[in-house]
Amino acid sequence: MSNVLLLTGPSGSGKTTVARMVATGAPQPTMHLTTDEFYRGIRTGFIAPYLPGAHRQNEVVVEAIVATVSVYARGGYDVVVDGIIGPWFLAPFREAAKAGEWTMSYVVLRPDLGTTLRRGQDRPHPELTDADALTGLHGAFADLGALEPHAIDTSRLDAEQTAAEVRGAVASGNYLLSA
């Protein structure tokens, strides 16, 4: 049975770097799926996904991501999905996991706001570096409600330490989501 890891958190939290590390050298065939590419592929009519008018676009993109994850999982691959996948977008993943009979872990990288801003603003173009947008996205992950135990404070961890924490979190089974 394939396992899908939804590795999320605000922009600048280190998702892509950590996801690449977790997927590379995994004990079984593993796909690293970067959700940013699904957004970057929209050439006409793109709306930055954090802006108010982007909801319908975001629903379409999430549907495409879920479909892609499902194909890899059905093919026997584990999948590390890196992107902004807040609790508000978990339902389609849960439905697909149930239908596809794959397990799903949910890990939120959540450094403090200062660390998020520093890391986010140090990234190269075309990555999001706007302080207001980074602050808003950080706030979106500030209170996860029932999913709060899925957050890892990475403020004082480098990428290798964070990858080790994520591997341990997934291996523990404590970060599994029910379908």
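The values are calculated or read from the model by the stated rules, or taken from the named source; none is laboratory data. These figures come from a predicted structure and were not determined experimentally. Glycine also receives a Cβ, built like all others from the backbone with ideal geometry; neighbour counts cover every protein chain displayed.
Does Arg119 qualify as being of a type in the set (Lys, Arg) and touching a strand residue (DSSP E or B) at 6+ places or on another chain (Cβ under 8 Å)?
no
Out of the residues in the stretch 53-105 that are touching a strand residue (DSSP E or B) at 6+ places or on another chain (Cβ under 9 Å) and among the acidic types (Asp, Glu), state the one that is farthest from Lys15 (Cα to Cα).
Asp78
So is Asp112 surrounded by fewer than 16 Cβ atoms within 10 Å (Cβ to Cβ), free of Cβ contacts under 8 Å to residues at least 60 places away in the same chain and within 19 Å of Val18 (Cβ to Cβ) or not?
So Asp112 fits the description; yes.
Working only within the stretch 138-148, note down all residues that are surrounded by 14 or more Cβ atoms within 10 Å (Cβ to Cβ) and charged (D, E, K, R).
none
Among the residues of the stretch 108-138, which ones are polar (S, T, N, Q) and either within 24 Å of Ala64 (Cβ to Cβ) or assigned to a helix (DSSP H, G or I) (or both)?
Residues satisfying the conditions are Thr115, Thr116, Gln121, Thr135.
What are the pairs, 6+ residues apart or on separate chains, where a residue within the stretch 163-176 that is in contact (Cβ under 8 Å) with a residue 40 or more places away in the chain has its Cβ under 7 Å from a residue that is surrounded by 12 or more Cβ atoms within 10 Å (Cβ to Cβ) and small (Gly, Ala, Ser)?
Close Cβ pairs (under 7 Å, with a partner that is surrounded by 12 or more Cβ atoms within 10 Å (Cβ to Cβ) and small (Gly, Ala, Ser)) amount to Val170/Ser105; Tyr175/Ser105; Tyr175/Ala169; Leu176/Ser105.
Conditions tested, residue by residue: (1) within 22 Å of Glu148 (Cα to Cα); (2) modelled with pLDDT of 95 or more; (3) among the hydroxyl-bearing types (Ser, Thr, Tyr).
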| site | (1), (2), (3) |
| --- | --- |
| Tyr50 | yes, no, yes |
| Gln57 | no, yes, no |
| Glu63 | no, yes, no |
| Val66 | no, yes, no |
| Ser70 | no, yes, yes |
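Suppose we filter Ala159, Ala151 for residues that are closer than 24 Å to Thr30 by Cβ, surrounded by fewer than 16 Cβ atoms within 10 Å (Cβ to Cβ) and touching a residue at least 24 places away in the same chain (Cβ under 8 Å); which single one remains?
Ala159
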